[in-house]
Every structure is written in structure tokens, then in C-alpha cells.
Amino acid sequence: MKFILATKKGMTQVFMEDGRALAGTILSAGPVIVTQVKAKESTDGYAAVQVGYQTQKISRLSKPQHTKAYKVLKEFRVEDAAGYEVGKEIAADTFAAGDSIEVSGTSKGKGFAGVVKRHGFKGGPRTHGQKHSEREAGAIGGSGGRAGGRVAKGIRMAGRMGSDRVTVKNLRVLAVDAAANEIIVSGAVPGAKGSLVEVVAA
């Protein structure tokens, strides 16, 4: 299983051999260092590899870590952890052009949003006596109905939008620059520039 942590740098175009121009996202991928290996036979009861990404001062740590001080510690479940050992480096060249991957990250935060922006509601009619109801949600339950006089759980309403964990599947590695530790993946990935993403081979 292939995996790595990366930082989103921005988007670009990649020209294929057949002349097509594909949108791609540049990821500054790793290198990450294996900080802990868990095996099914151990007290953990499952196989996983923990990696550290981006070093920092030990004085900034809020709790002890296994090895050097890392800004990010992430754990990846694996079928078999036998091929990993503490201190092993995982770099961008783990992946190759053509690999099928999925990328997970935190989407951009958009603050408090109404139902039209957040859920795609149409809003109320523009005529027939309506004055200030163009972007209102409308009825949310009220007396009787399916919820018996209360607002049912899960009703789509205005609220905080974005900053959710999003996973985009069926992406493809377009190019790998091992010297610069960069991977270009097809399409867009969640998050703003500089945000952390997880790249896992599908």
C-alpha cells in the first residue's frame, strides 16, 4: 500500500502526449518518516504505520512523541506492516505516473452561509406580495407533520459551511518530480493552498 502526506501548492496544466491539456494539482509530498509500526500480533490488534511530517522545535510540543518533533503525526492502516521500520523515509517517488489514488483533506471554510449557498435552495418567488423572502428557507416543520410539532433532525438549514473532511477518489498521478518531492495529480483536491492532504493509492 502506498501513502504519503503532502501540502497543496496550487493548480497547473499538464499537456499529454496526445495534445490534451489536463488540469492538475501540485502537491509538495513528504518526505515523511515512519515513527511507529503497529502489528496485528501486538497489543494494538491491528496493522498500521504512523508517520511524521514537517519537523519543528521540541519546545513547541504539547505531548511527548516517539522520535523527533513533528508538526503532523498521521496513522495509515495497512494489510501488513512487515515492510516498514521506524526511521524509514517515504518520499514522493513512492508513487509513479499513472497510479490511481484518492486524496483526503479539509475543504475551505466559508463561514456562516444561508440555505441557497449551502444547500442549493431555489428561494421564494420574486412576486405575489413577497418582499424580503427571496433567499429564505421556507417552512421547517412546525405544528403536526412528520415530526409531530418539532423540527426533525437533519433538516437542511443555514449554518457553518465548509471546513469538512473531504475525500476525492479516482484521481490519477500525472507526473512525479522526485528531486523536488512534488506530485501532480489530476483534477482538484480539497483545501486551500498550503493545507495538508493525505494521498493513498486506491
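Computed values, structure above
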| read-out | value |
| --- | --- |
| Relative contact order, percent, region 115-161 [alpha-carbon distance under 8 Å, six or more residues apart] | 34 percent |
| Computed FRET value (nearest 0.05) for M157 with T127, which takes r as the C-beta separation and R₀ as 30 Å | 0.75 |
| Spin-label model distance (nm) - A178 vs D93, 7 Å beyond Cα toward Cβ | 0.2 nm |
| MRE, 222 nm, helices only [DSSP H, n ≥ 4, -39500 (n - 2.57), over the chain, to nearest 500] | -500 deg cm²/dmol |
| For region 1-151: relative contact order, % (alpha-carbon pairs under 8 angstrom, 6 or more apart) | 17 percent |
| Mean Cβ neighbour count within 10 Å, used as a protection proxy, ranking 162-172, 99-109, 148-158 highest first | 99-109, 162-172, 148-158 |
| Cα principal axis extents for the chain, largest first, Å | 69, 53, 35 |
| Residues L27, L174, sorted so that the one with the fewest Cβ neighbours within 10 Å comes first | L174, L27 |
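Rule-based calculations on the coordinates, nothing more; no lab input. Note that the structure is predicted; figures quoted are calculated from it, not measured. Cβ: placed from backbone, ideal geometry, glycine included. Neighbour counts: every protein chain shown.
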